[in-house]
Each structure stands twice: as structure tokens, then as C-alpha cells.
Amino acid sequence: MRRFVFFLVVLFGLFSCEKDGVYKEHYDNGKVKSISIYKKGMRIHQKDFYQNGNTKHIESYLIIKDADGNKRLTRFETKDWYPNGLMRRVIIKKPNTDITIYSASWDTLGRKNGEWKWICDKKYYAIEKYKKGMLLDSFSTDFKNKRHLEKEFFTHCEKPKALNKICLIQEEKIK
């Protein structure tokens with residue numbers, strides 16, 4: 001009976017402990033592989049590194065209460081880099097929705113590549129499509145990705161300041 005009670009105490013202790021704080025994982029060479037931040041057992045931030053020490057991936061989360069009062073995580077930021085230190089992509093989402101605030105991607109040489117997207121006037125997306133740094137198309141859509149036919153929606157819409165800042169940092173790294 002004692003063993004059974006001891007077993008239950010140990011088992012309860014293992015499952016009731018919530019991670020809180022900063023946790024690091026290391027490569028065999030001692031360099032940091034990842035850093036995770038937990039709050040009340042939920043991972044709210046993850047940063048991964050290449051073996052050369054350059055940042056590989058970042059994910060950030062918010063803790064949201066649902067209608068029933070249960071807490072859950074919603075990812076709102078994702079950033080990826082190439083091993084050479086140049087940014088690969090960035091995606092910022094409105095928490096608890098599928099709405100992208102802005103997203104962008106680059107090729108391994110740091111040139112704009114793929115679809116760039118950001119919210120304009122809190123009503124629609126402005127979208128630019130790139131290949132090897134060359135702008136191929138620009139247009140706007142509603143939040144369900146239905147393309148607007150009128151170009152006037154797009155012409156007055158500027159990229160978010162945070163995205164422009166990322167572009168400046170990327171350009172500095174290329175030089």
C-alpha cells in the first residue's frame with residue numbers, strides 16, 4: 001500500500017508541475033540550440049538557432065481566454081532566417097484570427113520573393129508579388145482573398161513601418 005501511495009504522490013507531482021520561465025537546449029558543441037519561454041505551463045516564445053549561432057526561427061504566442069474561460073495559445077508572430085543570417089520570411093497575424101497583419105519573404109540572396117501582404121485601412125489587403133527582387137504584380141483583395149478590380153485601392157496604401165524596418169535591416173546585411 002505504501003508503494004502505491006508513494007507512486008500516486010510522485011505521479012501527481014510530475015503532472016501538476018507547470019513550466020514557468022526560460023528553458024534552453026544546447027548542441028553537443030555547447031552552443032544554444034533553442035530558447036523557450038513558458039508561462040503557467042504554456043510556451044509563449046520559441047527561438048531556435050543554427051549550429052553557427054545565427055537565428056533560425058522565432059515563434060511568439062499570446063495566451064487567450066476562449067468563451068468558456070479556458071486559456072489557450074494563439075500564434076501571432078513567425079520569423080525564419082537562412083543559415084547565412086538573411087531573413088527568409090516574416091508573418092504577423094492578428095491574435096485569435098486568421099487575419100494576416102503583414103507577411104513577406106526573401107530568397108537566399110536577400111531579394112524580395114513571393115507574396116508580400118499587409119492590411120490597408122483595416123478593410124483590405126494590399127498584395128505585391130515578387131520574383132528575384134522584381135515586382136511582378138500588385139493588387140488588393142478583401143479578407144477572403146477576393147481580388148479587387150480597381151487599382152485605386154492599392155495606390156495609397158503604404159507598407160507597415162515594422163515591415164519597412166525589417167527591409168532596411170535586410171538591406172544592411174546584404175551590403
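The values are calculated or read from the model by the stated rules, or taken from the named source; none is laboratory data. Because the structure is a prediction, the values reported are computed rather than measured. Heads up, the Cβs are rebuilt from the backbone with ideal geometry, glycines too, and the neighbour counts pull from every protein chain shown.
Quick notes on this one:
- Verdict on LYS94 being within 22 Å of GLU18 (Cβ to Cβ), among the charged types (D, E, K, R) and without any contact (Cβ under 8 Å) to a residue 40 or more places away in the chain: no
- Scanning the range 97-137 for residues that are surrounded by fewer than 15 Cβ atoms within 10 Å (Cβ to Cβ) and not in a strand (DSSP E or B) yields THR97, ASP98, ILE99, THR108, LEU109, ASP121, LYS122, LYS123, LYS132, GLY133.
Okay, residues lined up against (1) modelled with pLDDT of 85 or more; (2) of a type outside the set (S, T, N, Q); (3) under 27 Å from THR55 (Cα atoms):
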| site | (1), (2), (3) |
| --- | --- |
| LYS122 | no, yes, no |
| LEU135 | yes, yes, no |
| PHE153 | no, yes, no |
| LYS165 | yes, yes, yes |
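- Every listed requirement among (1) aliphatic (A, V, I, L, M); (2) more than 29 Å from ASP121 (Cα to Cα); (3) surrounded by 10 or more Cβ atoms within 10 Å (Cβ to Cβ); (4) modelled with pLDDT under 85 is met by ILE37 save one, (4).
- In the range 47-91, residue surrounded by the most Cβ atoms within 10 Å (Cβ to Cβ) [restricted to those that are among the small types (Gly, Ala, Ser) and in contact (Cβ under 8 Å) with a residue 12 or more places away in the chain]: SER60
- Screening SER140 against (1) modelled with pLDDT of 75 or more; (2) over 20 Å from the mean Cα position of the chain (by Cα); (3) surrounded by fewer than 17 Cβ atoms within 10 Å (Cβ to Cβ) leaves a single unmet condition, (3).
- Residues that are closer than 24 Å to LEU86 by Cα and in a strand (DSSP E or B) within the range 38-66 comprise HIS45, GLN46, LYS47, ASP48, PHE49, THR55, LYS56, HIS57, ILE58, GLU59, SER60, TYR61, listed in sequence order.
- Looking across the range 90-108 at every residue that is among the polar types (S, T, N, Q) and within 23 Å of LYS47 (Cβ to Cβ), the one that is modelled with the lowest pLDDT is identified as ASN96.
- Annotation: VAL90 fulfils all but one of (1) in a loop (DSSP other than H, G, I, E, B); (2) in contact with a helix residue (DSSP H, G or I) (Cβ under 9 Å, 6 or more places away or on another chain); the unmet one is (1).
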